[in-house]
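Heads up: the structure comes next, in C-alpha cells.
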Amino acid sequence: MASNHPVIVGYDAVSALGTDLETQWDRAVKGHSGIGRLTRFPVPEGFPVRISGEVAEIDTDPYPFLSPRSLALWPSPIFKYAMLVVHRALAKCGIDITPSLSPRVAVTFSSAVGGQDAVLAADRRMIAEGRLPPPYANPNSCINMVGGKVSILTGATGPITATITACATGVTSMIIGALLLETGRADIAICGAVDFALVEPIVAGFATMNGAYQEKPGEPEPTSIASRPFSVDRRGFVISEGAGCIILATRDFAAAHDLEHGIELVGWAMTSDARHFVAPRLETVARCMAESIDMAGISLHAVASVNAHATSTKVGDRVEYQALRSVFGDHLPPVSANKSLIGHAMGASSAIETIFAMEGMLRGTLLPTINHTLDPELPLDCVAEGARRLDQEFVLKNSFGFGGCNACVVLHRKA
C-alpha cells in the first residue's frame with residue numbers, strides 16, 4: 001500500500017440510537033433498535049408511513065453556536081446537527097483551526113436532501129397567510145449551505161464543495177476529501193453528511209415509490225423489527241435522520257501535530273450505473289467494490305468484513321448480494337447491515353455507518369444485523385446472532401445512491 005493514504009483523526013455522529021457516540025455504540029452492540037413511531041409531524045389517517053428513526057433533541061447549552069438566537073435564521077435541523085458533530089469531531093482530536101491553518105482545511109461535508117422543510121414551511125405560509133417567504137428560506141434549502149455553515153463555524157477557508165450523491169453522499173464526501181489531501185490541496189478535510197428527511201412530501205414520496213416500509217392494514221408489527229436488511233421478509237427501508245462527521249488528515253500533518261489515528265483510508269472507488277434512476281446495476285456495483293479493494297492493494301481474503309449499504313428493499317439487497325458474490329466468490333466475509341439498527345438516514349447513513357465500522361475495527365467487534373431471517377436466495381453471514389468478536393484489519397464499506405451513484409471505501413486498522 002502507498003504511504004500517502006489519508007488517516008482518520010476524529011469522528012462523531014448522531015443517529016436514531018442516540019446523540020452521543022458511546023450511547024449509540026452501546027445500544028448497537030446490544031442489538032437495540034432506534035426505530036419508533038413517526039412524530040416529526042402529525043400523521044393523518046391513511047398516511048402510508050407511520051414509523052421512523054428520529055434523532056432526539058440535544059442540550060444546546062454547552063454550545064453557544066447552537067443557541068436559539070444563533071439558530072434563529074436556520075430552522076432546518078440539518079444545520080444544528082451538522083455543526084454539532086463537526087464541532088465534537090474536531091474537539092475530540094484536538095485540532096484548532098487557526099488563521100494560519102485555515103487555508104489548508106477543506107470542507108466536503110454535505111447533505112442529500114438539504115433543508116427542504118424550510119421551503120415547505122414558506123410555501124404553506126404563502127398559501128395560508130398570503131405572506132412572502134422569510135429571507136432565510138432559500139439559504140436553508142441550498143444544499144451547499146451545510147458546508148458553508150460548517151466553514152463559518154470552523155473558520156476553514158480551504159476548498160469547499162457539496163458532494164451530493166444521494167444515499168452515498170457521506171462516503172463520497174470522504175473520497176473527495178481524500179482526493180484533495182492526496183493532490184496537495186489541503187492537509188485536513190472535514191467530511192461527512194447530515195439529513196433530516198422526515199418531511200411530509202418526502203416521506204410520502206418514498207412510499208409511492210414503494211421504497212419505504214409500510215405497515216400492512218390489520219397486521220401491526222413492533223416498530224423495532226421493521227428494518228430488516230437481507231431478510232427474506234424485508235419490505236423496504238425505514239426513513240430516519242442523522243449526521244456523521246469524519247475528519248481526514250494527511251499522514252505528515254497528523255505526525256507533525258501528534259494526532260492519534262488508528263484507521264486509514266486505503267482504497268476507494270466510484271462508479272455510475274448509467275442505466276436506471278433507482279434500480280441498481282449489478283456490473284457497476286460489483287466493479288465499485290472490486291476497484292476499491294484493488295486500490296487498497298490487498299487480497300480479497302484480507303477483507304475481514306463488509307459494512308453493507310443494505311436498505312431492506314427487495315431489489316437493492318439482492319443486487320448487493322449478487323455483487324458481493326461476484327467479487328468474493330464462495331468466500332464471502334461476514335456482512336453487517338447497520339440500517340437494521342438505525343434505519344435509512346439518506347446521505348448521512350453512509351457516514352454514520354462508516355463511523356460504526358471504524359469503532360468496530362478499533363474495538364474488535366462486528367455489529368449485528370438485527371431482525372434477520374435468512375433468505376435462501378441471499379445466503380449471507382449477517383451476524384444475526386448478535387455482536388461478534390472479530391479482528392478486522394480491513395473493512396469494505398458499500399454505499400449506493402439514486403441516480404446510479406456508487407461509492408465504496410476500504411478502511412485499514414493500523415497495527
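Okay, here's what the table says:
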read-out: Residue match in region 138-160 (condition: of a type in the set (S, T, Y) and farther than 30 Å from D187 by Cβ); value: yes
read-out: Members of region 58-97 that are in contact with a helix residue (DSSP H, G or I) (Cβ under 6 Å, 6 or more places away or on another chain) and among the basic types (K, R); value: K80
read-out: So E219, is it in the same structural domain as G53 (by TED's automatic domain parsing) and over 24 Å from S15 (Cα atoms); value: yes
read-out: Selection count where residues are crowded, with 16+ Cβ neighbours inside 10 Å and either at positive phi or among the small types (G, A, S) (or both), scope region 71-102; value: 3
read-out: Candidate set from region 204-236 (those that are outside any loop (DSSP other than H, G, I, E, B) and at pLDDT below 95); member that is farthest from T311 (Cα to Cα); value: E219
read-out: Residues satisfying the stated conditions in region 148-174, i.e. in a helix (DSSP H, G or I), on the phi < 0 side of the Ramachandran plot, surrounded by fewer than 24 Cβ atoms within 10 Å (Cβ to Cβ) and within 21 Å of the chain's Cα centre (by Cα); value: G148, K149, S151
read-out: Single match in H276, H309, H301 (criterion: out of contact with any strand residue (DSSP E or B) (no Cβ under 9 Å at 6 or more places or on another chain), under 23 Å from R388 (Cα atoms) and in contact (Cβ under 8 Å) with a residue 24 or more places away in the chain); value: H301
read-out: Looking only at region 1-46, and only at residues there that are aromatic (F, W, Y) and in contact with an Asp or Glu (Cβ under 8 Å, 6 or more places away or on another chain), the one that is farthest from P368 (Cα to Cα); value: F41
read-out: Residue within region 21-30 that is buried (at least 23 other Cβ atoms within 10 Å of the Cβ), under 21 Å from L341 (Cα atoms) and touching a Pro at 6+ places or on another chain (Cβ under 9 Å) present; value: yes
read-out: Any hit, region 288-295, residues being in contact with a strand residue (DSSP E or B) (Cβ under 8 Å, 6 or more places away or on another chain), hydroxyl-bearing (S, T, Y), surrounded by 20 or more Cβ atoms within 10 Å (Cβ to Cβ) and over 13 Å from A407 (Cα atoms); value: no
read-out: Subset of region 282-318 (residues that are within 21 Å of K339 (Cα to Cα), charged (D, E, K, R) and in contact with an Asp or Glu (Cβ under 9 Å, 6 or more places away or on another chain)); value: D317, R318
read-out: Count - residues of region 233-264 that are among the small types (G, A, S), touching a helix residue (DSSP H, G or I) at 6+ places or on another chain (Cβ under 6 Å) and either surrounded by fewer than 19 Cβ atoms within 10 Å (Cβ to Cβ) or over 15 Å from S350 (Cα atoms) (or both); value: 1
read-out: Flag if D12 is surrounded by fewer than 20 Cβ atoms within 10 Å (Cβ to Cβ), of a type in the set (D, E) and either more than 25 Å from T208 (Cα to Cα) or touching a residue at least 40 places away in the same chain (Cβ under 8 Å) (or both); value: no
read-out: Residue match in region 54-75 (condition: of a type in the set (F, W, Y), within 23 Å of R413 (Cα to Cα) and outside any loop (DSSP other than H, G, I, E, B)); value: no
read-out: Residue in region 175-197 that is surrounded by the fewest Cβ atoms within 10 Å (Cβ to Cβ), counting only those that are part of a helix (DSSP H, G or I) and in contact (Cβ under 8 Å) with a residue 12 or more places away in the chain; value: E182
read-out: Counted residues, region 50-75 - those being of a type in the set (S, T, N, Q) and closer than 27 Å to A204 by Cα; value: 1
read-out: Count of residues meeting criterion [assigned to a loop (DSSP other than H, G, I, E, B), under 17 Å from the mean Cα position of the chain (by Cα) and among the aliphatic types (A, V, I, L, M)] in region 77-129; value: 2
read-out: Count of residues meeting criterion [part of a loop (DSSP other than H, G, I, E, B), of a type in the set (A, V, I, L, M, F, W, C) and under 30 Å from I298 (Cα atoms)] in region 1-53; value: 2
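The values are calculated or read from the model by the stated rules, or taken from the named source; none is laboratory data. Model, not experiment: these values are computed from the prediction. So basically every Cβ, Gly included, is an ideal-geometry build from the backbone, and we count neighbours across all protein chains shown.
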